[in-house]
Amino acid sequence: MDWKETLLIQRDADSLLDWVFDWSAWLEADTIQSYTIAADPGITVDNDSHDDTTVTIWLSGGTPGADYEVTVSVTTASGRADDRTVKFLTVNK
């Protein structure tokens, strides 16, 4: 997947699910040192965590028919920085 394009994912408005942002292929021997999350108003980031190669976020809420962008930005131990954006289309499943 080309992360330079925004990925669109459908999610149920009533769900509370984890979403994993994986940088393992890009990192090579580097590791994630810190991260930030930016989410559009209307969707809730309930929890988040990371390990050496991934950031996991738990999302809930949203209005059916609306979409919300969530961007995760990382900084690595060697000082590299990258971000990935996903657009979540909220639906009733």
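Considering only DSSP beta bridges with both partners in the chain, what is the antiparallel share in %, to the nearest 5?
Counting only bridges with both partners in the chain, antiparallel ones make up about 85 percent.
Within the chain, what whole-number % of the accessible surface is contributed by carbon and sulfur, with the 1.4 Å probe and all protein chains included in the calculation?
Looking at the chain in its full context, I get 47 percent from C and S.
So what is the calculated 222 nm ellipticity per residue for the chain, using -39500 (n - 2.57) for each DSSP H run with n of 4 or more, over all residues, to the nearest 500 deg cm²/dmol?
Value at 222 nm, helices only, nearest 500: -500 deg cm²/dmol.
Counting only other residues whose beta carbon sits under 14 Å from that of Gln33, what net charge do I get with K and R as +1, D and E as -1?
-3
Quick one: compute a quarter of the convex hull surface over the Cα atoms of the stretch 26-66 and quote it in nm².
That works out to 3.7 nm².
Give me the net charge for the shell around Tyr68: Cβ to Cβ below 11 angstrom, other residues only, Lys and Arg +1, Asp and Glu -1.
After counting each charged neighbour, the total is -1.
State to the nearest 20 debye the size of the charge dipole of the stretch 11-71 about its Cα centre, where the only charges are +1 on K and R beta carbons and -1 on D and E beta carbons.
Roughly 140 debye for the stretch 11-71.
Using just the Cα positions, wrap the chain in a convex hull and report its mean projected area in square nanometres, one decimal place.
5.7
The values are calculated or read from the model by the stated rules, or taken from the named source; none is laboratory data. Just so you know, these numbers come straight off a predicted model, no measurement behind them. Virtual Cβ from ideal backbone geometry, glycine too; neighbours counted across all protein chains shown. Heads up: the accessible areas ignore ligands, DNA and RNA and are worked out on the full protein's heavy atoms, side chains in. Shrake-Rupley method; radii C 1.70, N 1.55, O 1.52, S 1.80 Å.
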